[in-house]
1. Taking R0 as 30 Å, what FRET efficiency do you get between SER47 and THR101 from their Cβ-Cβ distance, rounded to the nearest 0.05?
2. State in Å² the accessible area per residue of the chain; use a 1.4 Å probe, count heavy atoms of protein chains only, and round to the nearest integer.
3. In vacuum, with every alpha carbon of the stretch 75-141 counted as one equal point scatterer, what does the Debye formula give for log10 I(q)/I(0) at q = 0.19 Å⁻¹? Two decimals, please.
4. Please report the antiparallel percentage of the DSSP beta bridges confined to the chain, to the nearest 5.
5. Considering the values (i) 50, 28, 23; (ii) 75, 27, 25; (iii) 80, 27, 24, which represents Cα extents along the principal axes in Å as calculated for the structure under consideration?
6. How big is the accessible area of CYS102 in square angstrom, nearest 10, if you roll a 1.4 angstrom probe over the protein chains?
7. Taking R0 as 30 Å, what FRET efficiency do you get between ALA28 and SER136 from their Cβ-Cβ distance, rounded to the nearest 0.05?
8. Given N residues in the stretch 40-80, what is Rg(Cα) / (2.2 N^0.38 Å)?
Amino acid sequence: VANGGTGGTSYVKGEFHAFCTGLTLTTATTNFDFAGFGGTATLCATSNTSAVSGTKMPTAGTIKNLFVNLGTAGKSGDKVTMLKNGSATGAPTCTYATATTCSDTSTALTVAAGDIITLSISTSASSETSANVAVSFELWN
């Protein structure tokens, strides 16, 4: 579908979705808790401090429009970060903190076919409250 339906050359090649359920870890840490995007389980409290998997981009394009939705808000500074081939440099990041939603619609990340995308949750406080985290992003031409 052309961008805005105007026959332009910009279009969405794919949408990607990830989630984890339950509370995140209750300590300040960074974890890869999204199955297929760095984690191996769907529990937000899985302690994967380094990516153990990722999603290979099927084609070259630009990743945009990172959206995060939570069932329960977190603490100040809590965020979801996207990594390309293990690096967060220039990648979309969404700080949800004490809200239940956030988005990064201004950062665009160029990817090549075969690049590996992972997602991490960074929590900043003990007695963490964020839970049931869903993430989506788009791959554009």
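The values are calculated or read from the model by the stated rules, or taken from the named source; none is laboratory data. These numbers were taken from a predicted model, which means no experiment stands behind them. Neighbour counts are summed over all protein chains in view; Cβ atoms, including those assigned to glycine, are modelled from backbone coordinates with ideal geometry. Surface accessibility is based on the protein's heavy atoms, side chains included, excluding ligands, DNA and RNA. Shrake-Rupley method; radii C 1.70, N 1.55, O 1.52, S 1.80 Å.
1. Details: r = 26 Å, r/R0 = 0.85.
Efficiency computed from Cβ-Cβ geometry: 0.70.
2. Numbers: 6360 Å² over 141 residues.
Result: 45 Å² per residue.
3. Values, matching the q order: -0.77.
4. Working: 40 of 42 bridges.
Counting DSSP beta bridges with both partners in the chain, the antiparallel share is about 95 percent.
5. (i)
6. 20 Å²
7. Values: r = 26 Å, r/R0 = 0.86.
The calculated FRET efficiency here is 0.70.
8. Numbers: Rg = 13.7 Å, N = 41, 2.2 N^0.38 = 9.0 Å.
In units of the 2.2 N^0.38 Å rule of thumb, it is 1.52.
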